[in-house]
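Read-outs throughout are calculated quantities, based only on the coordinates presented, and are distinct from any laboratory measurement. Owing to the predicted nature of the structure, the values given are computational and were not obtained by experimental measurement. So basically every Cβ, Gly included, is an ideal-geometry build from the backbone, and we count neighbours across all protein chains shown.
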Amino acid sequence: MYSNESYLLDLLQEAHLFDDAALEDVSHKKKAQDSTLEALLALNIINDDQIAEVLAKNCGMDYVELHKLEVDPSVAQHVPADSAVRFGIVPIAEGGGTLVIAVTDPMDFDALDSVRHVLSVEPEFVVASESAIKQRQLDFYQSELDGDQIAKLDADAIAVTEGDSGGEGDAPIIKLVYQILQEAYQNRASDIHIEPMEEEMRVRYRIDGSLHKVQSHPLRLLSSVVSRIKIMTGTMAISEKRLPQDGRIQAKFGSGDLDLRVSTVPTSCGESIVMRILDKSSLTIGLPQLGFFSDDQAKFNELIRLPDGIILVTGPTGSGKTTTLYACLNAINKSDRKIITVEDPVEYLLSGINQVQVKEAIGMTFAAALRAILRQAPNIIMIGEIRDLETASIAINASLTGHLVFSTLHTNDAPAAVARLADIGVKKFLIASAVRSIMAQRLVRTICADCETEGELTEKDVNALRLTQDQIAKAEVKKGEGCRTCRMTGFKGRKGLFEIFNIDEEMRLLVNADESTVALRKRARELGMRTLREDGVRKVLAGTTTASEVIRVTMADSD
């Protein structure tokens, strides 16, 4: 670690950072393979900032708090990445023909002489902590280092702390980030939000669709936390703080494997980071687990086994559309069928299915990918989302030439998808010919099984849901009292509400006749289509969820 550890220990003891009693205690506690200095660091008796200060004073050099300095990344080009890592240095400033270099060990004179020989300018050495130097090496040289070098630096990089001994900031950033991820996993969170506020770094988890504030930390830790998460992705640039970035992390907690989709956005207080947790256990989900009643499930089972046509799932972001599409593909994924998906991004890897990642930057758009995969002779195609006329046109042509196409669309209800397709330029007669069914969906929180008890319907609930006396008499209304399992919310998990709009012969005539969405919806209800709220009412009466939850989620469906 350092060129002359015994001499360094004497210097540290002379600086009154520890005494003989502490050394004696360390000798009993340290691991056999650790040196005394490593044990002192591991037991938090000293830290590497204190070591750097003592070394700087002893060698007559300046000590710099490198983690607090703004350093231009372009200055790193003066020192090759391999040399910086090998000698434990990083350039931090230049000017007047001099290059200022931060060093870990100013007593390693052979290393300093070697640095002078590889440079084309005169170096001026200053001392900084080992962790701060390694963090800057990761910032500046990540693209030039191999995986082993990055992993070694990442493992060795100790957190930048608040500076008060024994305070919260003494915990390494690495441990803090791991703790955030682990707690989110244990609480079944779907998203982790790390947000810079004016005076704090706020951590929130989205659990069953609702955000919960779980932690707050000093704002000064934000930069280190964000850098650590960027390092874990292996693809995001640590030094780039001005532009949004995306990446992925694979993590393992106990027996669970998680994929995290990472997004950073610069804000006025610093970078905001959101990690969406992609739980692989949802890959095996079947149609019954989505929340279908038996009659709707039978109807939908028939639809997804049609030989051709388009089946659309609609709803806002976060309404479970992708999970439903994956459940459909799982249900029909047989060895005699070729299934290809086009997604942005590919969230889960599905066994036995060819998945194509959209890459707009290189021209791999939804439309370009669709044109290519049609030459792969698929039976079934899934398109992550229909966003424009070109994608919609290719999807419709594919369905009319014998392919079954699944996709999503952003509309408030199922019949409105017809108008949405027309708005982006699809002819009404093509919609009528190609689309077989449109299903709108929402997610409602389900009552926690560990604390459920008998509930009751208020007069307001009865009026809002338009319940009849017969329905009320047969209802098995439940509520959750709140327990540790559900974080005292009374809810655990979510199920879908569904509105299935089939385009049969009569509906085709109405679509071709350019009837309005209101007219289509009215006729569909006359023919037996249940709205989202009506499906929600059935789930309230069955004791799956509460009236207030259905009213909240289906506010736009109150008519």
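Taking Cβ-Cβ under 4.7 Å as the only way to count a partner, pick out the unpartnered cysteines of the chain. Cys59, Cys269, Cys328, each lacking another Cys Cβ under 4.7 Å.
The trypsin sites (Lys or Arg not before Pro) of the range 474-539 meeting both criteria, a DSSP state outside H, G, I, E and B (loop) and at most 10 other C-beta atoms within 10 angstrom of the site's C-beta, are Arg484. Tell me the Kirkwood hydrodynamic radius of the range 368-520 in angstroms, computed as one over the mean inverse distance between distinct C-alpha pairs. Here the Kirkwood hydrodynamic radius works out to 18.8 Å. Legend: distances between Cα atoms for Lys134/Lys321; Lys299/Lys338; Lys30/Lys175; Lys428/Lys460; pairs beyond 32 Å are Lys134/Lys321; Lys428/Lys460. Couplings 3J(HN,Hα) for the range 239-246, derived from phi with the Karplus relation 6.51 cos²θ - 1.76 cosθ + 1.60 (θ = phi - 60°), are 6, 8, 10, 9, 10, x, 9, 10 Hz, where x marks Gly and Pro.
Taking the C-alpha atoms only, the angle from helix 532-541 to the longest principal axis of the chain is near 90 degrees. Calculated from the structure at hand, Rg and Dmax of the Cα atoms in Å is found among (i) 25.2, 84; (ii) 30.2, 93; (iii) 26.0, 91 as (ii).
A cut-off of 5 Å between modelled amide H atoms, ignoring neighbours fewer than 5 places along the same chain, links Glu94 with Val100.
Mind running the shape call on the range 311-438? Use the C-alpha gyration tensor, a ≥ b ≥ c as the square roots of the eigenvalues: rounded below 1.5 for a/c, prolate if a/b tops b/c, oblate otherwise. Because its axes are fairly even, with a/c under 1.5, the range 311-438 counts as rounded.
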